[in-house]
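One structure is given below, encoded as structure tokens.
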Amino acid sequence: MIVTILVVAAVAWIQRATWHQIDLLRSVLEGHSLATKQEGGAQAFAQHDALDSLRRVWFFSLVLVAAAGSMTVAVFYRRLIAPLRAQLNENRIYLERHEKLASLGVLATGIAHEIRNPLTAIKVRLFSLKRSIPDKISLQDDVRVISDEIHRLERIVNDFLQFARPTELECQPLNVEKIVRDVVDLLGPQLARRSVHLIQETTPEAWLFADPQKMKQVLINLTQNAGQSIECGGSVTLRTELASQTLFGRRRDVVVIEIADTGKGMPPEVVNRLFDPFFTTKEDGTGLGLPIAARIVEVHGGIIEYETRLHHGTSFRIVLPRVSDHEEFSQNIAC
């Protein structure tokens, strides 16, 4: 707005100055023949002064127009071109990641098939062996360890498939308060045994168009991680707020579900690899929980944000598009 006013003012000033100098130049040209016949040179000097003044006005006008044009281009770039370039780059990264995941999904299906077949055969043989071996404690322990490791391999394969394959959603109207309460009821007793208090703050009325099982999976994963980060008692708080935020280049009304803990926080070397597949700090973890959660939220049209302070705790924020009216559910295209 300010640049527009400056440009208009500059053009108006140039117009006035130009008409004035044109009138002056006309008078100079009309008196030129007379000036050459007169003695002395007063009129000639006046002509030269007028021409010099005209040159200065035109030079200053060009400088002013160039400056105003540069300012206009700079503002235009900052307000229009730069955001478009940032959005284009974000979309390019998003498409590249999905192309890689699509290729990974094809590879994962083949690998999982090749791994599951021998695992199934091993489980059958192990079951038969368990029934035939003597009841010696050492032998039974060996069988138990083998069985546990087989189940661990199966879990890794299933998690890998879930991460690599395109997520299929069964969306429906979803009350945010209800799904948060379900997670609190499910995990509250489990965390309480570790002296971790699970708190649900007052939840505003909010609706999503989402897959209930997938969203519950995300909340359970993040809440369990929050509880496991607390070593000597503490709390995990689930809170919900309504906001307006830009998601994938579009301003939306959103629901923010926050999972905040009072745990030990995360060091920089962990934060930098937080969503890397197969990166984990847990002895029995697969390193696929957070990548799967991020992908589920992403296909719902949302994002996961986080903030952590070492020795002060971590907060994860699930940001999802909000549907303000039940009639809008059928028109929502996030799923």
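Numerical summary
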quantity	calculated
Odd one out for V236, checked against (1) of a type in the set (A, V, I, L, M, F, W, C); (2) part of a strand (DSSP E or B); (3) under 20 Å from the mean Cα position of the chain (by Cα)	(3)
Selection within region 261-271 - hydrophobic (A, V, I, L, M, F, W, C) and part of a loop (DSSP other than H, G, I, E, B)	M266
Tally of residues being surrounded by fewer than 17 Cβ atoms within 10 Å (Cβ to Cβ) and at pLDDT 90 or above across region 157-183	7
Test: residue in region 206-229 that is part of a helix (DSSP H, G or I), under 25 Å from T314 (Cα atoms), in contact (Cβ under 8 Å) with a residue 60 or more places away in the chain and of a type in the set (D, E, K, R)	yes
Test for E269: is it surrounded by fewer than 18 Cβ atoms within 10 Å (Cβ to Cβ), under 18 Å from A210 (Cα atoms) and either within 14 Å of the chain's Cα centre (by Cα) or modelled with pLDDT of 85 or more (or both)	no
Hits in region 152-204 - residues which are within 29 Å of G263 (Cα to Cα) and assigned to a loop (DSSP other than H, G, I, E, B)	R193, R194, S195, E201, T202, T203, P204
Positions within region 283-319 being in a loop (DSSP other than H, G, I, E, B) and within 22 Å of T237 (Cβ to Cβ), in sequence order	G302, L310, H311, H312
Some residue of region 272-279 being part of a loop (DSSP other than H, G, I, E, B), in the same structural domain as V196 (by TED's automatic domain parsing), touching an Asp or Glu at 6+ places or on another chain (Cβ under 6 Å) and not polar (S, T, N, Q)	no
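The values are calculated or read from the model by the stated rules, or taken from the named source; none is laboratory data. Keep in mind the model is a prediction, meaning the values are calculated, not measured. We place every Cβ from the backbone using ideal geometry, glycine too, and count neighbours over all the protein chains shown.
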